[in-house]
């Protein structure tokens, strides 16, 4: 039997039993769609987390004052001991490490930002020129803080997109003056809109030079020091250097916490990737169920079509031809089901994307490949038994029964 | 064309052995028209199934066109059936979802004949058996006589040398039965070997050679000279 005829023959069977065909297509489709949709959710979650970390800047090492560790009876609290502050000199000393590319010390506070009669409560960030590169932020207009001696800040600032829009409306903000507390700053740059990033909205900040912020908030202590390692490989040596430099500067005391987003990110990435695989696998079980349905229907078909199979054998069909006919039917069903499922999964993915625009839902390539393959494989696998039974049918017995 | 010697066929029905055929010797020449009659259970259908290579004899030898087909494998038997033998059944056994034309085409499809060649042969078969106008109808839209004509056209699709008909008129009224027999007899006139199993004496009497089976043996083998 020619392949084209085999296809046509199987098509005629499927066309002749439409409700049965529709049922199997539905089952197969649901299975494939489930795998696609579920893995798209998992992959979306993974990419979301990765992007969130990525927007913090790559190769980033963050230093926090104080050390989070659990000891006997919280001695720090009992003895009234507070962790030693991180200072600008600490931050500048970190540049001695050969693994460190940039250092951005950070002071954070809240201030009343005023332009004329308009006023707005806003986060105020004091930092240095290197901050924008470390955090990988973009400017919409103008320049970032000028580089220069961090101990002497000029009265300039860079504002977030929302702040600029709220305070100036449609007017250009660049070059204008604003007041924070009792100090005046000239706006030299406007940040590009970036949105929420790990709970911190960079559209609603005002960035001023570190020295100005220290004066404004009357503090020497740094909130954080952001350090950019020279490369991904340099993150670990950089961490070691930072801890050692600060230990020496703090009289042998290890009183800072060093976080590298790299390790956290890798862990999240691994967990979410595994999770996606697992839930995809669970969804694939529905495909196996669909496979069993195929087997059931095929077994019924062998009984229902006993006479036809007997006739085909009498007309000279070999066992291989009969088997091929059944497998062709199963594969056609699987292909049809997979196509329906992929389409439905894609629709589901688009719907999810509409509902949660922030999460990049996308079925990973392996799911798009594995789902149809699994569908075909289960269909073929579960057709082996019915096909063999059909091929082994005795034509005389099959034809004699009415 | 056909030479059977010492053909036995033992069926197991539960624990009991049933001798369907007991040492049948039979020689059938080319272009013979032969009827096999006999009461139910006499083995006439079994004999036809053995002749048609649908059943294997338990013992004995079967030469078809001088070739021993007794020991052939299933696939080889299927090939011989496809190329040499055409079957006509009592219940027509048409595939219900296929049109008359598609039913007639089926053996050629199974034989892997190219589509253009099939169409050519199909057109001639449909014309020969007066089915051209009914080509697109499905079996449930055809009368019994038309169904059997479709079945005969299907049997002739591969131009076999041997036509085996098992009670071809058993499911038809007398008049339609006679017409179907005339179609079969035309195949015989065109040089085919036709073997008809029937329990209807009137149908059986039409053949030139008449075999009567009793208890799995040939009880009578008569020829008339006229036909």
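The values are calculated or read from the model by the stated rules, or taken from the named source; none is laboratory data. This one's a predicted model, so the numbers in the text were calculated from it and none came from an experiment. When we count neighbours, we look across all protein chains shown, and the Cβ atoms used for this are built from the backbone with ideal geometry, even at glycine.
Going through A:348, A:319, A:353 one at a time, which residue ends up being more than 11 Å from every other protein chain (Cβ to nearest Cβ) and in contact (Cβ under 8 Å) with a residue 60 or more places away in the chain? First the steps, then the outcome.
Working: A:319 fails: more than 11 Å from every other protein chain (Cβ to nearest Cβ); A:353 fails: in contact (Cβ under 8 Å) with a residue 60 or more places away in the chain.
Of A:348, A:319, A:353, the one residue that is more than 11 Å from every other protein chain (Cβ to nearest Cβ) and in contact (Cβ under 8 Å) with a residue 60 or more places away in the chain is A:348.
If residue A:165 meets every condition in (1) part of a helix (DSSP H, G or I); (2) closer than 30 Å to residue A:52 by Cβ; (3) in contact (Cβ under 8 Å) with a residue 12 or more places away in the chain apart from one, which number is that one?
The failed condition is (3).
How do the helices (runs of 4 or more DSSP H) wholly within region B:97-179 filter down when requiring 2 or more residues that are within 13 Å of another protein chain (Cβ to nearest Cβ) and crowded, with 16+ Cβ neighbours inside 10 Å: which remain? First the steps, then the outcome.
Details: elements: B:100-110, B:115-128, B:144-155.
Fully inside region B:97-179 and qualifying: B:100-110, B:144-155.
For residue B:39, work out the one condition from (1) more than 10 Å from every other protein chain (Cβ to nearest Cβ); (2) assigned to a loop (DSSP other than H, G, I, E, B); (3) crowded, with 21+ Cβ neighbours inside 10 Å it doesn't fulfil.
So the condition that residue B:39 fails would be (3).
Do we have any residue at all in region A:257-278 that's closer than 16 Å to residue A:21 by Cβ and either within 14 Å of chain B (Cβ to nearest Cβ) or over 21 Å from the mean Cα position of the chain (by Cα) (or both)? Working first, answer last.
Step one: filter region A:257-278 for residues closer than 16 Å to residue A:21 by Cβ, giving none.
Scanning region A:257-278 turns up no residue that is closer than 16 Å to residue A:21 by Cβ and either within 14 Å of chain B (Cβ to nearest Cβ) or over 21 Å from the mean Cα position of the chain (by Cα) (or both).
How many residues does region A:295-312 contain that are under 11 Å from residue A:398 (Cβ atoms) and more than 7 Å from every other protein chain (Cβ to nearest Cβ)?
6
Only one of these is surrounded by 22 or more Cβ atoms within 10 Å (Cβ to Cβ) and in a loop (DSSP other than H, G, I, E, B): A:178, A:242, A:222, A:246. Name it. Before you say what the answer is, go through the steps one by one.
Numbers: A:178 fails: in a loop (DSSP other than H, G, I, E, B); A:242 fails: in a loop (DSSP other than H, G, I, E, B); A:246 fails: in a loop (DSSP other than H, G, I, E, B).
Residue meeting the stated conditions: A:222.
Can you find a residue that is over 19 Å from residue B:162 (Cα atoms), within 18 Å of the chain's Cα centre (by Cα) and more than 12 Å from chain A (Cβ to nearest Cβ) anywhere in region B:43-52? Write out each step before concluding.
Start the filter on region B:43-52 by keeping residues that are over 19 Å from residue B:162 (Cα atoms), which leaves B:43.
Still in the list and also within 18 Å of the chain's Cα centre (by Cα): B:43.
Then keep just the ones that are more than 12 Å from chain A (Cβ to nearest Cβ); that gives B:43.
Checked region B:43-52: at least one residue is over 19 Å from residue B:162 (Cα atoms), within 18 Å of the chain's Cα centre (by Cα) and more than 12 Å from chain A (Cβ to nearest Cβ).
Check whether at least one residue in region B:74-90 is crowded, with 22+ Cβ neighbours inside 10 Å, away from chain A (no Cβ under 13 Å) and either farther than 16 Å from residue B:195 by Cα or without any contact (Cβ under 8 Å) to a residue 60 or more places away in the chain (or both), and report yes or no.
Within region B:74-90, not a single residue is crowded, with 22+ Cβ neighbours inside 10 Å, away from chain A (no Cβ under 13 Å) and either farther than 16 Å from residue B:195 by Cα or without any contact (Cβ under 8 Å) to a residue 60 or more places away in the chain (or both).
Go through region A:18-40 and report how many residues are touching a residue at least 40 places away in the same chain (Cβ under 8 Å) and within 14 Å of chain B (Cβ to nearest Cβ).
Final tally of qualifying residues: 2.
Conditions (1) modelled with pLDDT under 90; (2) under 23 Å from residue A:88 (Cα atoms); (3) part of a helix (DSSP H, G or I), marked per residue:
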| position | (1), (2), (3) |
| --- | --- |
| A:186 | no, no, no |
| A:189 | no, no, no |
| A:208 | no, yes, no |
| A:215 | no, yes, yes |
| A:233 | yes, no, yes |
| A:252 | yes, yes, no |
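Suppose we filter A:205, A:187 for residues that are in contact (Cβ under 8 Å) with a residue 24 or more places away in the chain, in contact with a helix residue (DSSP H, G or I) (Cβ under 8 Å, 6 or more places away or on another chain) and within 13 Å of residue A:127 (Cβ to Cβ); which single one remains?
Within the list A:205, A:187, the selection yields A:205.
Go over the candidates A:279, A:294 one by one and state the one that is touching a residue at least 12 places away in the same chain (Cβ under 8 Å) and under 17 Å from residue A:388 (Cβ atoms).
Numbers: A:279 fails: under 17 Å from residue A:388 (Cβ atoms).
Among A:279, A:294, only A:294 is touching a residue at least 12 places away in the same chain (Cβ under 8 Å) and under 17 Å from residue A:388 (Cβ atoms).
Looking for whichever is away from every other protein chain (no Cβ under 14 Å) and surrounded by 24 or more Cβ atoms within 10 Å (Cβ to Cβ) here; the options are A:281, A:341, A:336. Which one fits? Spell out how you get there, then give the answer.
On the way: A:281 fails: surrounded by 24 or more Cβ atoms within 10 Å (Cβ to Cβ); A:336 fails: surrounded by 24 or more Cβ atoms within 10 Å (Cβ to Cβ).
Criteria check complete, one pass: A:341.
Exactly one condition in (1) within 21 Å of residue A:399 (Cα to Cα); (2) at pLDDT 90 or above is not met by residue B:171; state its number.
So residue B:171 meets the others, but not (2).
When region A:120-159 is examined, which residues are found to be closer than 22 Å to residue A:261 by Cβ, touching a helix residue (DSSP H, G or I) at 6+ places or on another chain (Cβ under 7 Å) and without any contact (Cβ under 8 Å) to a residue 60 or more places away in the chain?
Those that are closer than 22 Å to residue A:261 by Cβ, touching a helix residue (DSSP H, G or I) at 6+ places or on another chain (Cβ under 7 Å) and without any contact (Cβ under 8 Å) to a residue 60 or more places away in the chain: none in region A:120-159.
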